[in-house]
Amino acid sequence: MNFKNGKELLELCDKGNCAISDIMILREATGTDRPKDEILRRMRRTWDIMKDSAVSPIHSPKRSIGGLIGGEARLLFEHQASGKSLCGSTLSRAITYAMAVIENSSSMGLIAAAPTAGSSGIVPGVMLALQKTHDLTDSTVVQALFNAGAVGYLAMRNATVSGAVGGCQAEVGVAASMAASAAAELMGGTPQQCLNAASTVLMNMLGLVCDPIGGLVECPCQARNAAGAANALTAAELSLAGIRQPIPFDEMLDAMYTVGKHLPHEYRETALGGCAATPTGCSLCSLS
């Protein structure tokens, strides 16, 4: 079960007539010698952390350590409650939860890095939004998180999830790929559709730079988590509709990694370019 790429993962799914999450659970069990029940219990604990980090800042807004963000999730929640939201229920919830997690992270709250702290809002944001909208059980979502884990594992094995190495496309991009694949499985998609969704996300976010203002994982990170959640839902929707994705996930992942390595150092988490280098971005450094 130690698949090395998306192609091998799909072959295992086809051979076993099972979902990506099933293969990932088997991989975890054989690789750690832990019983399946324990593996599921650990993922359930991760899901509990994700849910709490996505909800608590809405009810109790927290100011970030650097002072750049705080209270945005509450504002979104109130705006949506007013009936003036431009987005549907699932998307509105997903972007709110995603921003809440980053608020929680930047104020030293407990989060689950998925795959990194700077991109930690996307997977829980999308998963919790789908759970609320479609009345899904915790067990169903926990199962889908193993699908997200499989995509994250492949990204770490064959590319990078580090903004310092590959830009924000490697953090928010991979997180959104994980969420898109898991969302597709949650909604009944095939393993191929899951990886198609993951590939589409990487295609959409190719070249996204990492330019944290003041070197802090606060802004533009929080808003990009919201955008990543929206991208994930869009990609999953396209895939579930049967829209063709011409570039296989493995090739798209390789393209992302190649682009990331070619980004100038100013755009790889150094805070020397992009948003961080604007006059206002530089002036905000005094807040931290």
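So which residues in the range 111-122 are farther than 10 Å from Ala54 by Cβ and buried (at least 24 other Cβ atoms within 10 Å of the Cβ), if there are any at all?
Within the range 111-122, Ala114, Pro115, Gly118, Ser119, Ile122 qualify.
Only one of these conditions is not met by Ile95: (1) crowded, with 19+ Cβ neighbours inside 10 Å; (2) within 23 Å of Ile23 (Cβ to Cβ); (3) hydrophobic (A, V, I, L, M, F, W, C). Which number is it?
Here Ile95 meets the rest and fails (2).
Being open to solvent by less than 30 Å² (accessible area, probe 1.4 Å), modelled with pLDDT of 95 or more and touching a Ser or Thr at 6+ places or on another chain (Cβ under 6 Å), is that true of even one residue in the range 203-213?
There is no residue in the range 203-213 that is open to solvent by less than 30 Å² (accessible area, probe 1.4 Å), modelled with pLDDT of 95 or more and touching a Ser or Thr at 6+ places or on another chain (Cβ under 6 Å).
With the checklist (1) in a helix (DSSP H, G or I); (2) open to solvent by 30 Å² or more (accessible area, probe 1.4 Å); (3) closer than 30 Å to Leu216 by Cα; (4) touching a helix residue (DSSP H, G or I) at 6+ places or on another chain (Cβ under 7 Å) in hand, flag the one item Leu12 doesn't pass.
Checking Leu12 against (1) in a helix (DSSP H, G or I); (2) open to solvent by 30 Å² or more (accessible area, probe 1.4 Å); (3) closer than 30 Å to Leu216 by Cα; (4) touching a helix residue (DSSP H, G or I) at 6+ places or on another chain (Cβ under 7 Å), the one that fails is (3).
Any residue in the range 131-140 that is open to solvent by 20 Å² or more (accessible area, probe 1.4 Å), over 24 Å from Ser89 (Cβ atoms) and in contact (Cβ under 8 Å) with a residue 60 or more places away in the chain? Step through it out loud before you land on a result.
Residues of the range 131-140 that are open to solvent by 20 Å² or more (accessible area, probe 1.4 Å), as a first pass: 131-140.
Retained after the next criterion (residues that are over 24 Å from Ser89 (Cβ atoms)): none.
There is no residue in the range 131-140 that is open to solvent by 20 Å² or more (accessible area, probe 1.4 Å), over 24 Å from Ser89 (Cβ atoms) and in contact (Cβ under 8 Å) with a residue 60 or more places away in the chain.
Mind telling me which of the residues Leu240, Leu195 ends up being farther than 25 Å from Ala271 by Cα, in contact with a Gly (Cβ under 7 Å, 6 or more places away or on another chain) and surrounded by fewer than 20 Cβ atoms within 10 Å (Cβ to Cβ)? Please lay out each step first, then the result.
Numbers: Leu195 fails: surrounded by fewer than 20 Cβ atoms within 10 Å (Cβ to Cβ).
Answer to the selection: Leu240.
Here are the criteria: (1) over 20 Å from Ser64 (Cα atoms); (2) assigned to a helix (DSSP H, G or I). Tell me which single one Gly207 does not satisfy.
Looking at each condition in turn, Gly207 falls short on (2).
Just to be sure, is Leu76 closer than 30 Å to Ser283 by Cα, under 20 Å from the mean Cα position of the chain (by Cα) and at pLDDT 95 or above?
Values: closer than 30 Å to Ser283 by Cα: yes; under 20 Å from the mean Cα position of the chain (by Cα): yes; at pLDDT 95 or above: yes.
In short, yes.
I need the full set of residues from the range 185-204 which are without any contact (Cβ under 8 Å) to a residue 40 or more places away in the chain and assigned to a helix (DSSP H, G or I), in order please.
Here is the first cut: in the range 185-204, the ones without any contact (Cβ under 8 Å) to a residue 40 or more places away in the chain are 190, 201, 204.
Once the filter is applied, which keeps residues that are without any contact (Cβ under 8 Å) to a residue 40 or more places away in the chain and assigned to a helix (DSSP H, G or I), the range 185-204 yields Val201, Asn204.
Restricting to the range 26-58, name every residue that is farther than 20 Å from Leu128 by Cβ and of a type in the set (Lys, Arg).
To start, the set of residues in the range 26-58 that are farther than 20 Å from Leu128 by Cβ comprises 26-39.
Arg27, Arg34, Lys36 - these are the residues of the range 26-58 that are farther than 20 Å from Leu128 by Cβ and of a type in the set (Lys, Arg).
Quick check on the range 251-265. Is at least one of its residues of a type in the set (Gly, Ala, Ser) and under 27 Å from Ser92 (Cα atoms)? If you could, list the steps in order and put the result at the bottom.
In the first step, residues of the range 251-265 are kept if they are of a type in the set (Gly, Ala, Ser); the result is 255, 260.
Now restrict to residues that are under 27 Å from Ser92 (Cα atoms): none.
No, there is no match, as no residue in the range 251-265 is of a type in the set (Gly, Ala, Ser) and under 27 Å from Ser92 (Cα atoms).
Return only the number of the condition from (1) more than 23 Å from Ala182 (Cβ to Cβ); (2) surrounded by 15 or more Cβ atoms within 10 Å (Cβ to Cβ); (3) at pLDDT below 95 that Ala29 does not satisfy.
For Ala29, the failing item is (1).
Quick check: is even one residue across the range 54-70 open to solvent by 70 Å² or more (accessible area, probe 1.4 Å), touching a residue at least 40 places away in the same chain (Cβ under 8 Å) and part of a helix (DSSP H, G or I)? Please lay out each step first, then the result.
Let us first name the residues in the range 54-70 that are open to solvent by 70 Å² or more (accessible area, probe 1.4 Å), namely 59, 63, 65.
If we keep only those that are touching a residue at least 40 places away in the same chain (Cβ under 8 Å) as well, we get 63, 65.
Still in the running and part of a helix (DSSP H, G or I): none.
Looking through the range 54-70, none of the residues is open to solvent by 70 Å² or more (accessible area, probe 1.4 Å), touching a residue at least 40 places away in the same chain (Cβ under 8 Å) and part of a helix (DSSP H, G or I).
Considering only the range 38-53, state which residues are among the hydrophobic types (A, V, I, L, M, F, W, C) and open to solvent by less than 40 Å² (accessible area, probe 1.4 Å).
Applying the first criterion (among the hydrophobic types (A, V, I, L, M, F, W, C)) to the range 38-53 yields 39-40, 43, 47, 49-50.
Those that are among the hydrophobic types (A, V, I, L, M, F, W, C) and open to solvent by less than 40 Å² (accessible area, probe 1.4 Å): Ile39, Met43, Trp47, Ile49, Met50.
Here's the yes/no breakdown for (1) within 21 Å of Val123 (Cβ to Cβ); (2) assigned to a helix (DSSP H, G or I); (3) under 18 Å from the mean Cα position of the chain (by Cα):
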residue: Ala183; (1), (2), (3): yes, yes, yes
residue: Gly214; (1), (2), (3): no, yes, no
residue: Cys219; (1), (2), (3): yes, no, yes
residue: Ala229; (1), (2), (3): yes, yes, yes
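Please tell me if Glu218 is of a type in the set (Asp, Glu) and at positive phi. Reasoning before the result, please.
On the way: of a type in the set (Asp, Glu): yes; at positive phi: no.
So Glu218 fails the test.
The values are calculated or read from the model by the stated rules, or taken from the named source; none is laboratory data. Everything numeric in this text was worked out from a predicted model, so none of it was measured. Don't worry about glycine lacking a Cβ; one is built from the backbone with ideal geometry, like all the others, and counts go over all protein chains shown. The protein model used for the area step is the full one, side chains on, heavy atoms only, and it has no ligands, DNA or RNA in it. Shrake-Rupley method; radii C 1.70, N 1.55, O 1.52, S 1.80 Å.
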